[in-house]
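The values are calculated or read from the model by the stated rules, or taken from the named source; none is laboratory data. None of these values were measured; they are calculated from a predicted model. Cβ: placed from backbone, ideal geometry, glycine included. Neighbour counts: every protein chain shown. Heads up: the accessible areas ignore ligands, DNA and RNA and are worked out on the full protein's heavy atoms, side chains in. Shrake-Rupley method; radii C 1.70, N 1.55, O 1.52, S 1.80 Å.
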Amino acid sequence: MLDLRYVVDHLDEVQAALTRRSAAAAETLAPIAELGKKRRELIVAVETKAQQRNAANEAMAKADKKSPAFTEKREELKRLSTEIKEAEKGLAECEAEVQKLLAVVPNLPDASVPVGKGEEDNQVVRTWGEKPSFAFTPKEHVELGTALGILDFERAAKISGARFTVLFGAAARLERALISFMLDLHTREHGYTEVLPPFLVKDTALYGTGQLPKFEEDLFKTQKSDEGKAFDLYLIPTAEVPVTNLHAEEILDGAELPVAYTAYTPCFRSEAGSHGRDVRGLIRQHQFDKVELVRFTSPETSDAQHELLTSHAEEVLKRLKLPYRVSLLCTGDMGFGAQKTYDIEVFLPGQGQYREISSCSNYGDFQARRAQIRYRAEPKGKARLAHTLNGSALAVGRTLIAILENYQQADGNVVVPEVLRPFMGCEVIRGR
RNA sequence: GGAGAGGUGACCGAGUGGUCGAAGGUGCACGAUUGGAAAUCGUGUGUGCGGAAACGUACCAAGGGUUCGAAUCCCUUCCUCUCCGCCA
């Protein structure tokens, strides 16, 4: 969420910045600023009256309760009190209105983010690794996995419908190996603390990270209701939600920054708008595994921390010897809350193209303001909003695909990347 | 699921209608003392909002109500703890 005060006081500047991302979003700013001004006026009005009431009440406390003056004063205060309640109601409505509007305004893009409409305007900033060469036509993971009997889409559909997959044998084990490998790397070498958070969260947590109120249709919501007692939790779409909210409404000790967490969780997405895209295989699923990195930093260091976090995600691909490239997303392709995002795309020989396997974003104070995540740089200093960052490192299912496609052999078997062999207990996947 | 007890500041804990943003303690910060430290003493120590500031205002789980006035009384919800039941 943007800072209301800043929007009111620097409307032109904020409008210009947001226009780079979306003209439509920028148009909502003027009415917000108007309401912001109105809000200030209402606050002054309410507080002036409250001050009168408080002073009068103090006098009442000392007055003789039987005197006629007391009775008279009481009547007067009754009126004032009613007035205050009215005024407070108006203020609350104004406040609610402005919050409602502000809650759906996306973050301002960082100055270094290129302006663009969509994917095609993203900038490739670096490429790593050699694309493998094959003496045969490389297959896609669906074909490979199905032939090996380790990926089963039909049975998944029987149980759960479209966009689910059953992993058997070596694939299930590979998934688990990847999770362990990634977590070990991040905890032992990159300094992250491992977290295993709840997979069901309250709406407030989703509001904190920005999925709500605007993107409810992408989420799965539980509905256990009995006799008026609601149990309305959402399945997490990413570990970012519970992990970032770990420090919601907290004031962190500046000396402990940056705080770095890594978490494995399954992720659940209804992907309501994605009908027809990536229908085959496990690229786009309702449920998938992901290892996430989350960092809490000071504003001064968040850019450097963003580069660092991205490098941690890249390191996973380097160790697995999977070719990839890193793109700086343009304003039109960035997520709602991000101020700057790098996508890491892995090369999939079967598809003959790069596909997203990680997205690493700096959210600035956008999430911190929503979730009230603050820190104190000096022991007696003022509490300031922290910056939050997160990135996938990596999306496990897509990593599994990348391994199948990049390490496939002419006979349809798949060589296990060296670093995973201790976890897999074998060098080649030959079937279940 | 049944029965009971609670939710007060960084923490512990007092406070049953006005003088309470809240005693006392711990912790923390600064100062004094000391060769240095411990101990001791003194001072300070929440957050948001409005304001250039002075200051004002709001907040004692959350929301609503009673009252001129609520941390204190009433209602609802949420959460925590104890015992029993159920359960991986």
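Assorted remarks:
- Residues in the stretch A:273-288 that are in contact with a helix residue (DSSP H, G or I) (Cβ under 6 Å, 6 or more places away or on another chain) and hydrophobic (A, V, I, L, M, F, W, C) were compared, and the one that is nearest to A:P237 (Cα to Cα) is A:F288.
- The stretch A:304-333: number of residues that are over 22 Å from A:Q353 (Cα atoms), of a type in the set (V, I, T) and touching a helix residue (DSSP H, G or I) at 6+ places or on another chain (Cβ under 7 Å): 0
- A Cβ distance below 6 Å, combined with a sequence gap of six or more or placement on separate chains, defines the contacts here; from the stretch A:43-60, residues that are within 15 Å of A:K78 (Cβ to Cβ) reach residues that are within 6 Å of RNA strand B (Cβ to nearest atom) and in a helix (DSSP H, G or I) in the pairs A:A56/A:L77.
- Consider the stretch A:284-322 and keep the residues that are among the small types (G, A, S) and more than 27 Å from A:P422 (Cα to Cα). The one that is surrounded by the fewest Cβ atoms within 10 Å (Cβ to Cβ) is A:A304.
- Some residue of the stretch A:392-407 being at pLDDT below 95, out of contact with any Gly (no Cβ under 7 Å at 6 or more places or on another chain) and within 16 Å of RNA strand B (Cβ to nearest atom): no
Yes or no, residue by residue, for (1) among the aliphatic types (A, V, I, L, M); (2) free of Cβ contacts under 8 Å to residues at least 24 places away in the same chain; (3) more than 30 Å from A:R384 (Cβ to Cβ):
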position: A:A177; (1), (2), (3): yes, no, yes
position: A:L196; (1), (2), (3): yes, no, no
position: A:T209; (1), (2), (3): no, no, no
position: A:P213; (1), (2), (3): no, no, no
position: A:L219; (1), (2), (3): yes, no, yes
position: A:T244; (1), (2), (3): no, no, no
position: A:A263; (1), (2), (3): yes, no, no
position: A:R269; (1), (2), (3): no, no, yes
position: A:D278; (1), (2), (3): no, yes, yes
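- Test result for A:K158, in a helix (DSSP H, G or I), charged (D, E, K, R), under 37 Å from the mean Cα position of the chain (by Cα) and more than 13 Å from RNA strand B (Cβ to nearest atom): yes
- Meets criteria (more than 16 Å from A:R369 (Cβ to Cβ), over 34 Å from the mean Cα position of the chain (by Cα) and not assigned by TED's automatic domain parsing to the domain that holds A:G210) for A:A25: no
- Taken over the stretch A:83-124, the criterion of being outside any helix (DSSP H, G or I) and either closer than 30 Å to A:N54 by Cα or of a type in the set (S, T, N, Q) (or both) is satisfied by A:N107, A:S112, A:N122, A:Q123.
- Residues of the stretch A:125-150 satisfying the condition of being part of a helix (DSSP H, G or I) and in contact (Cβ under 8 Å) with a residue 24 or more places away in the chain: A:H141, A:V142, A:E143, A:L144, A:G145, A:A147, A:L148
- Residue ID - farthest from A:E356 (Cα to Cα), chosen from residues in the stretch A:120-147 that are of a type in the set (D, E) and open to solvent by 90 Å² or more (accessible area, probe 1.4 Å): A:E143
Residue by residue, here is whether (1) over 48 Å from the mean Cα position of the chain (by Cα); (2) near RNA strand B (Cβ under 10 Å from one of its atoms); (3) modelled with pLDDT of 90 or more; (4) farther than 30 Å from A:N362 by Cα holds:
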{"residue": "A:A63", "(1), (2), (3), (4)": "yes, yes, no, yes"}
{"residue": "A:K66", "(1), (2), (3), (4)": "yes, no, no, yes"}
{"residue": "A:T71", "(1), (2), (3), (4)": "yes, yes, no, yes"}
{"residue": "A:E75", "(1), (2), (3), (4)": "yes, yes, no, yes"}
{"residue": "A:L80", "(1), (2), (3), (4)": "no, yes, no, yes"}
{"residue": "A:K89", "(1), (2), (3), (4)": "no, yes, no, yes"}
{"residue": "A:A92", "(1), (2), (3), (4)": "no, yes, no, yes"}
{"residue": "A:L102", "(1), (2), (3), (4)": "no, no, yes, no"}
{"residue": "A:P109", "(1), (2), (3), (4)": "no, no, yes, no"}
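- Counted residues, the stretch A:45-61 - those being among the basic types (K, R) and near RNA strand B (Cβ under 8 Å from one of its atoms): 1
- Contact map, the stretch A:372-401: first residue open to solvent by 10 Å² or more (accessible area, probe 1.4 Å), second residue near RNA strand B (Cβ under 10 Å from one of its atoms) and part of a loop (DSSP other than H, G, I, E, B), Cβ cut-off under 6 Å, separation 6 or more or different chains; pairs are A:Q372/A:E249.
- Evaluated against (1) surrounded by 24 or more Cβ atoms within 10 Å (Cβ to Cβ); (2) aliphatic (A, V, I, L, M); (3) farther than 25 Å from A:V124 by Cα, A:A338 falls short on exactly one condition, (3).
- Per-region count, the stretch A:253-281, residues over 20 Å from the mean Cα position of the chain (by Cα) and either open to solvent by less than 40 Å² (accessible area, probe 1.4 Å) or under 20 Å from A:E175 (Cα atoms) (or both): 4
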